[in-house]
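See below for the structure under consideration.
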Amino acid sequence: MAAQIAGVFEPSLQEKISDSKILVVGAGGIGCEILKNLVLSGFQDIEIIDLDTIDVSNLNRQFLFHKEHVGKSKANVARESALSFNPNVKIKAYHDSITTTNYGVSFFQQFQLVLNALDNRAARNHVNRLCLTADVPLIESGTAGYNGQVELIKRGQTQCYECTPKAAQKSFPGCTIRNTPSEPIHCIVWAKHLFNQLFGESNEDEDVSPDTADPEAGAEAGESALAADANEKGNVDRVNTRTWAAQCGYDPEKIFNKLFYDDINYLLSMSNLWKSRTPPNPAKWDALEEDGEAAAPTDTVLRDQKVLSLTESAKVFGDAIGALKDAFGKLPDGDHLVWDKDDKYAMDFVAACANIRAQIFNIPRKSRFEIKSMAGNIIPAIATTNAITAGVVVMHAFRVLKGEFEKCKSVYMRLRPNARNQLFVPDRALNPPNPKCYVCAAKPEVTLKVDTKNVTVKELRDDILIKALNMIGPDVTIDGKGTIVISSEEGETDCNNDKKLEELQIVDGCILKVDDFVQNYELTVTIVHKDPARDEPSFDIVADPESLKPKEDEPDATPSTSNGNSKPSTSTAAAAPADDDDDMCIIEEDGEKPAAAAGSDEAEAGPSGTSSGPEKRKNDDAEGPSTKKARVEEKEGEDDDDDLIVIN
């Protein structure tokens, strides 16, 4: 290796490079480049972990992978390819998730440095916390198109990944999606829900039928339509969407007419919805040929770039229904299709449905390419940006090994020079830790504003502690009483799951002690009761209690309109599905840093949402805590390509 030639590196650095053990988390676009750089720089002991497998779409930028590797483990193939540069390097690969309990504090303590090339917030939070606990320097990196970012996280010297609050996954009120869409993204979310209703994993929260529970629709919503559907006894027979589609043989015409004619007429019968909105225009299959709308121009326009007419979209809809029906029919009973932006017919189906619905609701239609970007949360990956970012990561690694932490300022890469003619924009200094961070502060604490009368203990565990606060196996006790509310031991507190917080005396002013032994993380949670409005989440997390103090009166922000309505929707909020596509990367910058990448989800402090229940996890660390920490005693009286990720 040229890096080992005398004079390339100073002797002391060369020795540290040879003796250091490095962990690379993620083996996608940035991870491949980092691994290559480490091998060529003379590092002799490297471990790399990634749960993902290689997809065809990875091959244009993840250069360690080739066509014959499709379907294989990214970590294992990256190891094999990197060894071709230097067979003498020791590289250990793990085809596994870094969030499992196999990789705890003692695992991280064996490394001199951890390099993150991850693609999702939960995993990044987990690595952040373990590196802080193990006191191992962590270098973060990410790209979004032509923008890139690298930063160092060092306990006590820099801010951690969670020092700056992250915004929750953007969500849309369920009634807006089903009844009154006003933006292309509303139609796209509806189309993805429809895919799952017909072919995927069905979720009752993703029902695409008109919602008569919409408060704006009024108490008599849809009565005329219901009366028309009533049987002899006056009852309406409800049929599951997939069951109905199967009964009609997935006939494209019947499905089209049901979704875009019958259901739209049903919505029109909810007259209150259209008092201040433009009403939709139903579309019928047999009238499409009479559609005089001109097709979008020319055969020279790429298929994905073309905005299709209603008639063209209907044809794509029919073809996609047929192909998906065949694929669905080949699956074993009980199995289902999974929507994938890279699957031709799945993408065609969503694009066609979204554009047909957009046309009906007088919303601008989009090209297939634009819809794919929005549906998959995609910011295109640029191989050169990955390479530059990985180079900066390894340059930071050299400085860390030399102990020059003060030189590891965050670096931002941008497509165009800034006012100072810089393409690489460094921070002026290291960003210090946030003293009010609920992860790395001396006494981590948050204030939880929650509806204690309606939120259950299970929701506290799953939605708030595990999903919003990124814990793995939380144990919760009431401070001062020692009452065990939630236990990470399977089955120990299941009897509490369906109880409202109020029933367990978790009310306004109550303080909870939360301990996640897997992450070696403790958190104090102060409860503040709130009565949420219809369209508000049931909880908000405030890391800075000072922000709860009354503020001076400010003018109300102008509410966003909904399909021409000047009033905000009051329908019950229902989160859009959280896309876990790894093609999304956000870069947050300020001052002289480049402008934030489009679609940033890094702004707000109040995460909220829903999550599935946790699985039982055990701590297998040899040196970590082998048993649960002692509880307070009773007293009397805390998904790949890793090219595009979220970092802060």
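The values are calculated or read from the model by the stated rules, or taken from the named source; none is laboratory data. Note that this is a predicted model, so its numbers are computed, not measured. Virtual Cβ from ideal backbone geometry, glycine too; neighbours counted across all protein chains shown.
In this structure, is VAL393 outside the structural domain of TYR146 (by TED's automatic domain parsing) and at negative phi?
Numbers: outside the structural domain of TYR146 (by TED's automatic domain parsing): no; at negative phi: yes.
Spelling it out, it is not the case that VAL393 is outside the structural domain of TYR146 (by TED's automatic domain parsing) and at negative phi.
Might you check whether a residue that is touching a helix residue (DSSP H, G or I) at 6+ places or on another chain (Cβ under 7 Å) and farther than 17 Å from VAL39 by Cβ occurs anywhere in region 71-93?
No: region 71-93 contains no residue that is touching a helix residue (DSSP H, G or I) at 6+ places or on another chain (Cβ under 7 Å) and farther than 17 Å from VAL39 by Cβ.
Identify, please: which residue in region 440-476 is part of a strand (DSSP E or B) and not hydroxyl-bearing (Ser, Thr, Tyr) and is, among those, surrounded by the fewest Cβ atoms within 10 Å (Cβ to Cβ)? I'd like the intermediate steps shown before the answer.
Going through region 440-476, the residues part of a strand (DSSP E or B) turn out to be 445-450, 456, 474-476.
If we keep only those that are not hydroxyl-bearing (Ser, Thr, Tyr) as well, we get 445-446, 448-450, 474-476.
Working: GLU445: 17, VAL446: 22, LEU448: 25, LYS449: 20, VAL450: 26, PRO474: 26, ASP475: 24, VAL476: 27.
That would be GLU445.
Find all pairs meeting these conditions: Cβ atoms under 6 angstrom apart; at least six residues apart or on different chains; first residue within region 499-525 and on the phi > 0 side of the Ramachandran plot; second residue of a type outside the set (Gly, Ala, Ser).
Cβ pairs passing all conditions: ASN520/VAL105; ASN520/THR133.
Filter region 267-277 down to the residues that are outside any helix (DSSP H, G or I) and surrounded by 14 or more Cβ atoms within 10 Å (Cβ to Cβ) and list them by number.
Matches in region 267-277: SER269, MET270, SER276, ARG277.
Determine whether region 202-225 contains at least one residue that is aliphatic (A, V, I, L, M), at pLDDT 85 or above and in a helix (DSSP H, G or I).
Checked against the condition, which is being aliphatic (A, V, I, L, M), at pLDDT 85 or above and in a helix (DSSP H, G or I), region 202-225 yields no hits at all.
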